[in-house]
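This report refers to the structure that appears directly beneath it.
The values are calculated or read from the model by the stated rules, or taken from the named source; none is laboratory data. From a predicted model like this one, the values you see are computed outputs, not experimental measurements. Note that we place each Cβ from the backbone using ideal geometry, even for glycine, and neighbour counts take in every protein chain shown. Each accessible area value is taken on the protein alone, full model and side chains, heavy atoms only, with ligands, DNA and RNA left out. Shrake-Rupley method; radii C 1.70, N 1.55, O 1.52, S 1.80 Å.
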Amino acid sequence: MTTLVVDPIADELAGPGCCPTSGVALAAHEDYGQSSAVPLMLPTADPSAYVDVSENGARSLHLMVENLHCAACIQKIETGLLALPGIETARVNMSTRRLHVAWQGEQVDGLQIMRRVAALGYPVAPFDPETLKQLDDVENRRLLAALAVAGFAAANVMLLSVAVWAGAFTHMGEATRGLFHWVSALIALPAVVYAGQPFFRSAIRALRARQLNMDVPISLAVVLAAAMSLYQTIQGGEHAYFDASVTLLFFLLVGRYLDNRARARARSTAEHLLALNSQAATVLDEDGSERALPINQLRPGMTVLVAVGERISADGCVSRGCSLIDSSLVTGETMPTSINEGGRVYAGTVNIDAPLQIRVEAAAEDTLLAEIVRLVEAAEQGRAKYVRLAEKAARIYAPVVHILAALTFVGWIFVAGSGWEPAAMAAIAVLIITCPCALGLAVPAVQVVASGMLLQKGVLVKSPDGLERIAQCDYVVFDKTGTLTRGQPQLLNPEALDSRQKAVAAALARNSRHPLSRALVAGVGEVEAIDTREIAEQAGRGLSAVVSGKQVKLGSRLWCGVMSAEVTDDATLELWLAEEGEASVGLRFSDVSRPDCEAVLSSLRNLGMKFELLSGDRENAVKASAKSLGIDDWQSECMPDEKVRRLHELEKAGHRVLMVGDGLNDAPALASGFASISPVSAPDISQTAADLVFQGDSLKPVLAAILIARGANRLVKQNFGLAVTYNMIAVPLAVIGLATPLVAAVAMSSSSVLVTLNALRLRFAARV
Amino acid sequence: MEVLIILIPVALFLGGLGLCAFLWALRSGQFEDLDGAAMRILNEDEAGAEAPVNESTSAN
């Protein structure tokens, strides 16, 4: 069977790498390793369903774009698209990594636009802006508007307040003071009503559920301070504390905004990865026509075409063709298996050799995939129990604050025998001073800095509490294939060939998509071009061709007729080159580790972390890998549920396990580990289960994630410490009435600034 | 002190102007892509102008 698949888009894709222009950009890119590690997917899904056509023929399309890093990326995509006929706007949003294209007429269609972007080196996927984007955006905008209003009010009220305080020393007239108070009230009250809404809403929600959260004391403090001040103003009294309530709001809103931004980013990262990973299947209808269908719309009985290099999208039987199937993502097995007509194939495996037609069968309950999905779901239910540190603190903190304020009020009336006004003032001062700005501001600030630093290192933080959990891990479980190793075979002995043989071998291998052929082409490096004729490939056996009149074969031992050479251990794969009239040469291949694997493992060891290897691959391969990397604990041929069981064992032994893995078979383990990281080459189920996703060829991002997470956690704890110390000093003062609400507001603000500055120290503290 | 009657409204008006400008910018979507805005400065010509192609871009 001869197959010579020429795919113009694939070739174009292989051409320009990402981002390349300025020196600055290049430096930033080094951290990502080679962009080739990111799977370059052809946009097979037909985006026409996502194209929005208005009445006058204007069309627009929203796309998610990956691999955006710098100014040059923006320009490359935008100018690239504007060069197409009819395109009116092409605008990249760097923050959300989305692209909006608008055009007129039917000269171009959505698919062309997607191909164009993909050809520039950026994976794309269409999305529906209505369903995805609005929620985050509305919330974010509302917070920013509230922040602006609170900032405006705080600045102006403070200005007036300073005048009043100065007036207290220079004998300001009562009428002037009254005027200032009234003006302050006029600014502060609407501002409190508007800017306080995020807190009020959340407080009411919590109270309805008969719970206390941090927003309850915040709302109480703000509302009470404003109400008391209004009362004082009406009475013509001396003290009004509008400034306290608006400054409080302003600081809290800064924290809330940062927190919301970090969460929105984490969520959009997750959505991106999902959208970019979902491939459409090409369905062959009975009349012979082809159409693209989303995978979840496949039904039993349909015939699906699977091109070379494509992931098989459903369980089924091969109805035409024979090929090699790479199931390394599913089982961890590096060696491809051959498949013929009538053979069963499973979703998630990759077709590497020749096009196949597959008749979809019902996803049986007993398939590996169904089993994996079941295990992942079970594991995720268990994980939902994790409570973030800040929430834990808030659960203790909120009731204490209320009780303290109430006791102050009661104490002043009954013990000190004062009137209700000074009692209320003291109680409000307690509420303001204990205000959790330190927590509300410092924790999100640390999170934002940490995820920003990780993003620069090619790590995407997917779950908001992922970093916090990673920081607590003391045990790392690695998967082998695709995680510690590259997941692809590499040529081990290029020196076995002389330069002429290299050229011949490469010329043959270039015509095949078999992983070993690709490894051979990559392994021999630059060679001269050689004229080959009559190239033919037999699936599962090898290639043959005629080079300068002589028959040449490249393939398996049997294909090349080699009987004599001794069999190497089965951790290595082999390929033979047989030229007519010459001795056959054996080439060995093996899945090699990621380049900095050993360095990362020894750094982990220095951090006091233990690790082990759980692989689905065969014993010899795992043993060899473990030995070369110096890992003592390893298990081979693990089924997905065995991995989960092992993780539970470790958990029972008191460890907090960080699972690092990429295969489908790792997905349940990723979901049941205390925290988990997966490379971006992993299938969607695994990426969904993981907390963090890293890009590139190197394993260093895993180390960076652990270090930065630990640094962030250290800073959060320091900030808790600072906040507690501050409260221990300030609260007694407030209780005995030494701190007026104004002093309380100033003390609270300065403590907020202190913890925020401390949070920003992460950039220096966790240098990796 | 009568001057305050004028000065306070003037101060508030100017401040309010700033606030309105910010809210307008927010509504018109200028805060939707803060990272992109920071990077677009580096592009010599705003994408879309076809004539002078960035030297560095044409080099690759």
Legend entry - Residue-level accessible surface for A:Thr349, protein heavy atoms, 1.4 Å, Å²: 10
Legend entry - Rounded to whole Å, sorted largest first: equivalent-ellipsoid semi-axes of region A:187-302, Cα gyration tensor: 56, 14, 12
Legend entry - Projected label distance in nm at A:Leu760 and A:Gln381, using a 7 Å step from Cα toward the beta-carbon: 4.7
Legend entry - In order through region A:244-249: 3J(HN,Hα) via Karplus (6.51 cos²θ - 1.76 cosθ + 1.60), integer Hz, x for Gly, Pro: 4, 6, 6, 5, 3, 4
Legend entry - chain A: relative contact order in percent, alpha carbon pairs under 8 Å with at least 6 residues between: 15
Legend entry - Two-decimal Rg/Rh across region A:486-642, once Rg and the Kirkwood Rh are taken from alpha-carbon atoms: 1.07
Legend entry - Most to least accessible of A:His402, A:His648, A:His171, A:His181 (protein chains only, probe 1.4 Å): A:His171, A:His648, A:His402, A:His181
Legend entry - Share, in percent, of DSSP beta bridges within region A:533-660 that are antiparallel, nearest 5: 90
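Here are some pairs, A:Lys553/A:Lys627; A:Lys462/A:Lys652; A:Lys502/A:Lys700; A:Lys610/A:Lys652; which of them have Cα atoms lying more than 25 Å apart in this structure?
With Cα atoms farther than 25 Å apart: A:Lys553/A:Lys627; A:Lys462/A:Lys652; A:Lys502/A:Lys700.
Could you report region A:413-466's accessible area per residue, 1.4 Å probe, as an integer in Å²?
Per-residue value: 29 Å².
Provide A:Thr233, A:Thr176 ordered by accessible surface of protein heavy atoms (probe 1.4 Å), highest first.
Result, largest first: A:Thr176, A:Thr233.
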Inset, instruction - Roll a 1.4 Å probe over the protein heavy atoms and report the accessible area of A:Met94 in Å², nearest 10. - result: 20
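To the nearest 20 debye, what charge dipole does region A:622-768 have about its Cα centre, counting +1 at the Cβ of each Lys and Arg and -1 at the Cβ of each Asp and Glu?
720
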Legend entry - Rg/Rg_ref, region A:432-522, where Rg_ref = 2.2 N^0.38 Å and atoms are Cα: 1.99
Inset, instruction - With a ≥ b ≥ c taken as the square roots of the eigenvalues of the C-alpha gyration tensor of chain A, please select rounded if a/c is under 1.5 and otherwise prolate if a/b is larger than b/c or oblate if it is not? - result: prolate
Inset, instruction - Report the accessible surface area buried between chains A and B, summing both sides, using a 1.4 Å probe on protein heavy atoms only, in Å² rounded to the nearest 100. - result: 2600
Legend entry - Surface accessible to a 1.4 Å probe, per residue, for the residues of region A:584-698, Å²: 35
Inset, instruction - Treating cross-link reach as a plain straight distance, find the lysines whose alpha-carbon is under 16 Å from the alpha-carbon of A:Lys717, omitting any fewer than eight places away in the same chain. - result: A:Lys392
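Using a 1.4 Å probe on the protein heavy atoms, what percent of the accessible area of chain A belongs to carbon and sulfur?
The computed percentage sits at 57.
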Inset, instruction - Could you please put A:Ser60, A:Ser548 in sequence from largest to smallest accessible area, using a 1.4 Å probe? - result: A:Ser548, A:Ser60
Inset, instruction - Mind grabbing the accessible area of A:Cys322 for me, 1.4 Å probe, Å², rounded to tens? - result: 40
Inset, instruction - Mind checking the full-extension length gain between A:Asp137 and A:Ala163? Use 0.36 nm per residue of separation minus the Cα-Cα distance, one decimal, nm. - result: 5.4 nm
Legend entry - Cut-off under 5 Å, modelled amide H: who pairs with B:Leu42 long-range: none
Inset, instruction - Using a 1.4 angstrom probe, figure out how much accessible area region A:75-123 has per residue, in square angstrom, rounded to the nearest whole. - result: 36
Legend entry - MRE, 222 nm, helices only [DSSP H, n ≥ 4, -39500 (n - 2.57), over chain A, to nearest 500]: -16000 deg cm²/dmol
Inset, instruction - Just round it to a whole percent: the fraction of Cα-Cα distances in region A:690-737 exceeding 16 Å. - result: 60
Legend entry - Tilt relative to chain A, helix A:134-169 - C-alpha long axis, 0 to 90 degrees, to 10: 30
Legend entry - Kirkwood Rh, angstrom, region A:93-222 [1 / mean 1/r, Cα pairs]: 19.7
Inset, instruction - Take peptide B:23-33, look around each residue's Cβ out to 10 angstrom, count Cβ atoms belonging to other protein chains, and average those counts. - result: 4
Legend entry - Charge dipole (debye, nearest 20) of region A:73-134; +1 at Cβ of Lys and Arg, -1 at Cβ of Asp and Glu: 320
Inset, instruction - Provide the net charge surrounding A:Leu575, with neighbours chosen by a C-beta distance below 12 Å and charges set as Lys +1, Arg +1, Asp -1, Glu -1. - result: +4
Inset, instruction - Based solely on C-alpha atoms, express the radius of gyration and the Dmax of region A:621-768 in angstrom. - result: 22.5, 72
Inset, instruction - Along Cα→Cβ, 7 Å out, is where each label goes; now give me the distance between the ones at A:Arg374 and A:Ser584 in nm to one decimal. - result: 4.5
